[in-house]
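*Asks:* Input: one structure, supplied below.
The values are calculated or read from the model by the stated rules, or taken from the named source; none is laboratory data. Here the structure is a predicted model, which is why all the values come from computation and not from measurement. Cβ atoms come from the backbone with ideal geometry, glycine included; neighbour counts cover every protein chain shown. With ligands, DNA and RNA removed, areas are computed over all heavy atoms of the protein, side chains included. Shrake-Rupley method; radii C 1.70, N 1.55, O 1.52, S 1.80 Å.
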Amino acid sequence: MDIFVQQLINGLVLGSIYALVALGYTMVYGILELINFAHGEVTMIGAMVALAVIGALMGVAPDLPGIVIVLGGVLVAVPVCMLLGFGIERLAYRPLRNAPRLAPLITAIGLSIVLQNVAMLIWGRQYIAFPPLLPQGSHEVLGAHISTLQLFIVALSVLVMLGLWFVVQKTRLGRAMRATAQSREVAALMGVNVNSVIATTFVIGSALAALAGVMVSAYYGLAHYYMGFLLGLKAFSAAVLGGIGNIAGAMLGGLLLGVIEALGAGYIGDLTGGFLGSNYQDVFAFFILILVLVFRPSGLLGERVASRA
Amino acid sequence: MRIVDFLRARPRLALLLLAILLAVLPFLVGAGLGKSWVRVLDFALLYVMLALGLNIVVGYAGLLDLGYVAFYALGAYLYAWLASPHFGLHLPFWAVLPLGALLAGVFGVLLGAPTLRLRGDYLAIVTLGFGEIIRIFMNNLDAPINITNGPQGMNLIDPIAFGGFALSKTHKFFGIGVSNAHLYYYLFLAFVLALIFVAMRLQDSRIGRAWAAIREDEVAASAMGIDTRNVKLLAFAMGATFGGLAGGLFSAFQGFISPESFGLMESIMILCMIVLGGMGHIPGVILGAVLLTVLPEALRYVGDWQRALIGRVAVDPADLRMLLFGCALILMMLFRPEGLWPSRQRKRELHAADEVAEQESASVYDARG
Amino acid sequence: MRFTIVSALLVTLVAVAGCGQKSETAGDVVKIGSVAPLTGPQAHLGKDNENGARLAIEELNAKGLNLGGKPVKLELIGEDDQADPKTGTVVAQKLVDTGVAGVVGHLNSGTSIPASKLYADAGIPQVSPSATAIAYTAQGYKTAFRVMTNDEQQGKVLGQFAVKSMGAKKIAIIDDRTAYGQGLADEFEKAAKAAGGEIVAREFTNDRATDFTAILTSIKGKSPDVLFFGGMDPQGGPMAQQMKRLGLAAKLLGGDGIQNVNFLKLAGAEAEGAVASLPGLPLDQMPGGAAFKQKFEAKYGPIQVYAPYAYDAAYVLVDAMRRANSADPAKVVAELPKTDLQGVTGHIRFDKKGDITGGSVTLYQVKNGTWAVLETVKSAE
């Protein structure tokens, strides 16, 4: 029993990380219907910038409490990534807004390659260790272990989701976003400044990416210029699972994907009588994803949208 | 551009010149740039086959497929199973290649069937998952029974051989040594020409028009009486067949395959080729495939360019190569969003607004005249 | 017709490159290739290999080298194979075209194997510093060598050590499903079973993963004494941390992939007590070893993993040239099997296949935040 609880906790924490990245992903998608392959890379840049600041702070003021140092890193990483997000939208996506649907996909891939290689030039090819600054204390729940940092990650992802939901549903900006997502032309006719709404969406999404990057790198204790790609991919899967463009869906999709992966890795051997092992963890996850989409073609919480060629 | 106009007026002459160029290309390239570039040409032709296949799915039928490399993998592994010491089978290539294409085609239908209701990005993620599933199976089926030899890959795969004439060796023709890279070039070229023919015929057929109809508006297409299910499945199957064939050729050419050759990045690159070249337009797709295979290799020489331009190597070429590649992708797309060489129809659709404006202003001038 | 401009530009660039390439061949320059992934997820390892070979070449140039009575200058040509087998063959052909006298590389087994065919066809010697798959030297090519023990040699030492010296009765195994990790783990499993150990769990991850909590939790349920990991430090480091977090008491054991400074950095305090092997003798105990380390780290920063092996591989090639008194690849290939060289990683001699023979494997344990030597085991022939 305690093993099952532990696997559930493992899955929830992993899922919260996916959700954190997926929330930014899904926001951008919701408004532009664009698979932003570069989102994972923004996450990576966030982690790298924060680490650089943390390293500098530890050199200048080693007596500061760990949390303050990490906060310092976050406070620099978030604006840097916001600026980056703004620049990405301006340079690579806005000129292609009326281009064929797959054109921005290619610039996104190009951007992702460029950002990786720029990061490699700046921060080197090595894996960078995240210093153990955050509280690592462990708590016992029903015979399973959960650390303070893990609890914090789960709480953070829920808070971010609620915050986003509030912005989108209850504010003027959110209304403009929803209007833009439905139809750019009509929104523009109604006096919405479509360009600035889309730019703002990118900036918010990138800020979330930075936050996610710092959390991922603090939790796993490392950062690397290649870390964003896989993370972005998992986040994309999570967002699709929940219904892409839907904020609650991204959260649900992330958590589900995490739990599915953890339970898959833990129990797939028992389920198949030892024929398949944890090496088929991703097969299991993708299989469930496909199964869900076969029965709900627009994801778990997604609305049926009109087709776009 | 005068030469282009001159040749456009004389299509037969143009075709003849093209044929001569293609025939002597490996020797020109081999003599001028080295044999490694003949090898690059070989890979470029393989990617042309893959791009032509994916073009059927994405370009013709408008189904976004991010797992296309799975079919390439299936073809490659089938060839390795039937023509290597792994199972001790050594069937001839003319038996194995069609089987590989068939197997890939069957899997194309298997992938297509559950995804018929999915659209756009939902389809993208499912196909992506399918590609990964196939790769993971290839990577792990070394136990309990060793089928794929897992991550170690399969080695000593038989080359393509006509009787005793194996393409893996250097042969002498009229006293000139012709290496394996050259021989495979001609084989691949023959396959590419055949596939171009098939792709062209498909595009102009009833099915091709059905694909176009689905791509433009699926609901309207089914209202017009098109059996969207079968037509979509056929697109997946046809595309997959091309991939399976290319996979078998890759296996024979390289003599060694391992799952790392069939990763997600490969699928993404093939997609980039067709979008960059001009979706749905065969010459564009070919251009895209050649360009994206040649460009990363050409960028290996940034060290030499630096030496030629500023007299020393200021930045390590290895640091710059992929960076420049990424920049090139972005710039090409920004300047030609419809692709480098789009079909005329597609270009017209995209620039419809400009054209109307042009016509209007033209008519104004007419009136004045 | 902008595409014509693009393609014209491309052709020009390639042509310029071709010319540049030609003009270099003048003078008595002997070229040696070095191939490793310099971009992508394994770039840090690739650059490390290249730097190791580069240091050797620079040292040899400084000392001066005479072949056939004439002084020659060595030049290292570093190429990026992106750890991709296909790119590996293109790069191999490029080096063959350039007329290299030998190749240090490739880093991965997956690229070394298909490339070895091209080198064999061209008769160019290839000494891999880090490809460990048994298949690499089992193809019957006379040009393929390696200065690193293969999976079987190292796996055997590790398996016996786990059971006999660490006293493990129940053993769990994780591998990263790469050619390296899976190959080593399979050989470890065989040896551990033969020595009387019981394998209670065999779990898997991949070489991009950072989260191992699920497999570690299910391993915990089987309470092993030793957890063997076949893989590299970017996974090994976080794995050590997550083991501690989950309260998994088993001792972590690994191969050369985690016996490095990076593992210590990434695992932090949780590295303490981990055991790992490294082929060859401890660097500090070798003649020239400490000097190599000092020189390398002053120039390129900390050694990742295989730089000393790449350094030795370059020396092995040049040593054979010196004995052949020529940089002619055919003569060098003929001399290579007679290699008897004291390198910084050990005494290098080759068997008939091109594998290192009579080599030894050293086991280390993390004590007070550094790798301390436990013992050196002679690997079976």
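*Asks:* What do you reckon, is A:LEU230 closer than 26 Å to B:MET265 by Cβ, within 12 Å of chain B (Cβ to nearest Cβ) and open to solvent by 50 Å² or more (accessible area, probe 1.4 Å)?
*Replies:* yes
*Asks:* Collect the residues in the range C:35-56 that are crowded, with 23+ Cβ neighbours inside 10 Å, assigned to a helix (DSSP H, G or I) and hydrophobic (A, V, I, L, M, F, W, C), keeping them in residue-number order.
*Replies:* The answer is C:ALA43, C:LEU45, C:ALA53, C:ALA56.
*Asks:* It is to be established whether one or more residues within the range C:360-374 are open to solvent by 60 Å² or more (accessible area, probe 1.4 Å) and closer than 17 Å to C:MET148 by Cα. Talk me through it step by step, then tell me what you get.
*Replies:* We begin by selecting, within the range C:360-374, every residue open to solvent by 60 Å² or more (accessible area, probe 1.4 Å); these are C:367-368, C:370, C:373-374.
Keeping just the survivors that are closer than 17 Å to C:MET148 by Cα gives none.
Looking through the range C:360-374, none of the residues is open to solvent by 60 Å² or more (accessible area, probe 1.4 Å) and closer than 17 Å to C:MET148 by Cα.
*Asks:* Still on this structure: Restrict the check to the range C:204-222 and report whether at least one residue is among the aromatic types (Phe, Trp, Tyr), within 21 Å of the chain's Cα centre (by Cα), within 16 Å of C:ILE171 (Cα to Cα) and not in a helix (DSSP H, G or I).
*Replies:* no
*Asks:* Can C:GLY257 be described as surrounded by 24 or more Cβ atoms within 10 Å (Cβ to Cβ) and in a loop (DSSP other than H, G, I, E, B)?
*Replies:* Considered against the rule, which asks whether it is surrounded by 24 or more Cβ atoms within 10 Å (Cβ to Cβ) and in a loop (DSSP other than H, G, I, E, B), C:GLY257 comes out as yes.
*Asks:* What do you reckon, is C:ILE32 over 25 Å from C:GLY183 (Cβ atoms) and buried (at least 21 other Cβ atoms within 10 Å of the Cβ)?
*Replies:* On the way: over 25 Å from C:GLY183 (Cβ atoms): yes; buried (at least 21 other Cβ atoms within 10 Å of the Cβ): yes.
So C:ILE32 fits the description; yes.
*Asks:* Determine whether A:ASP282 is acidic (Asp, Glu) and out of contact with any Asp or Glu (no Cβ under 9 Å at 6 or more places or on another chain).
*Replies:* Criteria not met by A:ASP282.
*Asks:* Something else about it: Got a sec? Which of A:VAL80, A:VAL68 is more than 14 Å from chain B (Cβ to nearest Cβ), open to solvent by 40 Å² or more (accessible area, probe 1.4 Å), without any contact (Cβ under 8 Å) to a residue 40 or more places away in the chain and in a helix (DSSP H, G or I)?
*Replies:* None of the others qualify; the one that does is A:VAL68.
*Asks:* Somewhere in the range C:163-185, is a residue surrounded by fewer than 23 Cβ atoms within 10 Å (Cβ to Cβ), under 16 Å from C:GLU152 (Cα atoms), in contact with a Phe, Trp or Tyr (Cβ under 9 Å, 6 or more places away or on another chain) and not hydroxyl-bearing (Ser, Thr, Tyr)?
*Replies:* no
*Asks:* Let me spell it out: the conditions are (1) over 18 Å from the mean Cα position of the chain (by Cα); (2) more than 30 Å from A:PHE130 (Cα to Cα), and A:GLY249 meets all of them except one. Which number is the exception?
*Replies:* In the conditions (1) over 18 Å from the mean Cα position of the chain (by Cα); (2) more than 30 Å from A:PHE130 (Cα to Cα), A:GLY249 misses (1) alone.
*Asks:* I'm checking my understanding of the structure. Among residues of the range C:186-229 that are away from every other protein chain (no Cβ under 12 Å) and out of contact with any strand residue (DSSP E or B) (no Cβ under 8 Å at 6 or more places or on another chain), which one is nearest to A:ILE268 (Cα to Cα)?
*Replies:* The qualifying residue nearest to A:ILE268 (Cα to Cα) is C:LYS190.
*Asks:* Just to verify a result, which residue in the range B:196-229, among those that are touching a residue at least 60 places away in the same chain (Cβ under 8 Å), more than 14 Å from chain A (Cβ to nearest Cβ) and among the aliphatic types (A, V, I, L, M), is surrounded by the most Cβ atoms within 10 Å (Cβ to Cβ)?
*Replies:* Checking each candidate, the answer is B:ALA199.
*Asks:* Quick one: is B:PHE242 part of a helix (DSSP H, G or I), within 10 Å of chain C (Cβ to nearest Cβ) and at pLDDT 95 or above?
*Replies:* Spelling it out, it is not the case that B:PHE242 is part of a helix (DSSP H, G or I), within 10 Å of chain C (Cβ to nearest Cβ) and at pLDDT 95 or above.
*Asks:* I'd like the residue in the range A:260-273 that is open to solvent by 30 Å² or more (accessible area, probe 1.4 Å) and of a type in the set (A, V, I, L, M, F, W, C) and, out of all such residues, is farthest from the other protein chains (Cβ to nearest Cβ).
*Replies:* Applying the filter and picking the extreme gives A:LEU271.
*Asks:* Say whether the condition of being of a type in the set (Val, Ile, Thr) and crowded, with 23+ Cβ neighbours inside 10 Å is met by at least one residue in the range B:97-110.
*Replies:* Looking through the range B:97-110, none of the residues is of a type in the set (Val, Ile, Thr) and crowded, with 23+ Cβ neighbours inside 10 Å.
*Asks:* Checking the conditions here, which among A:LEU289, A:LEU211 is facing chain B (nearest Cβ under 9 Å) and part of a helix (DSSP H, G or I)?
*Replies:* A:LEU289
*Asks:* Further question: Given the options A:LEU257, A:LEU276, A:LEU252, name the one that is surrounded by fewer than 24 Cβ atoms within 10 Å (Cβ to Cβ) and closer than 24 Å to B:LEU123 by Cβ.
*Replies:* Just a single option satisfies the conditions, and that option is A:LEU252.
*Asks:* Let me confirm something: among A:VAL197, A:VAL186, A:VAL240, which residue is at the interface with another protein chain (Cβ under 10 Å from one of its Cβ atoms) and over 22 Å from C:LYS265 (Cβ atoms)?
*Replies:* Result of the check over A:VAL197, A:VAL186, A:VAL240: A:VAL240.
*Asks:* Return only the number of the condition from (1) touching a Lys or Arg at 6+ places or on another chain (Cβ under 9 Å); (2) open to solvent by less than 30 Å² (accessible area, probe 1.4 Å); (3) more than 22 Å from A:GLN126 (Cβ to Cβ) that C:SER223 does not satisfy.
*Replies:* Status for C:SER223: all satisfied but (2).
Conditions tested, residue by residue: (1) open to solvent by 10 Å² or more (accessible area, probe 1.4 Å); (2) of a type in the set (Ser, Thr, Tyr); (3) without any contact (Cβ under 8 Å) to a residue 60 or more places away in the chain.
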| site | (1), (2), (3) |
| --- | --- |
| B:MET238 | yes, no, no |
| B:GLY248 | no, no, no |
| B:SER251 | no, yes, no |
| B:ILE257 | no, no, no |
| B:GLU297 | yes, no, no |
| B:GLN306 | yes, no, yes |
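*Asks:* Consider B:ALA190 against the criteria (1) within 14 Å of chain A (Cβ to nearest Cβ); (2) open to solvent by 30 Å² or more (accessible area, probe 1.4 Å); (3) free of Cβ contacts under 8 Å to residues at least 60 places away in the same chain: it satisfies all of them except one. Which criterion is unmet?
*Replies:* Checking B:ALA190 against (1) within 14 Å of chain A (Cβ to nearest Cβ); (2) open to solvent by 30 Å² or more (accessible area, probe 1.4 Å); (3) free of Cβ contacts under 8 Å to residues at least 60 places away in the same chain, the one that fails is (1).
*Asks:* Out of the residues in the range A:116-132 that are more than 8 Å from every other protein chain (Cβ to nearest Cβ) and assigned to a helix (DSSP H, G or I), state the one that is surrounded by the most Cβ atoms within 10 Å (Cβ to Cβ).
*Replies:* A:ALA119
*Asks:* Right, something else. C:ASP121 - would you say it is of a type outside the set (A, V, I, L, M, F, W, C), under 30 Å from C:ASP186 (Cβ atoms) and within 13 Å of chain B (Cβ to nearest Cβ)?
*Replies:* Working: of a type outside the set (A, V, I, L, M, F, W, C): yes; under 30 Å from C:ASP186 (Cβ atoms): no; within 13 Å of chain B (Cβ to nearest Cβ): yes.
Against the criterion (of a type outside the set (A, V, I, L, M, F, W, C), under 30 Å from C:ASP186 (Cβ atoms) and within 13 Å of chain B (Cβ to nearest Cβ)), C:ASP121 does not qualify.
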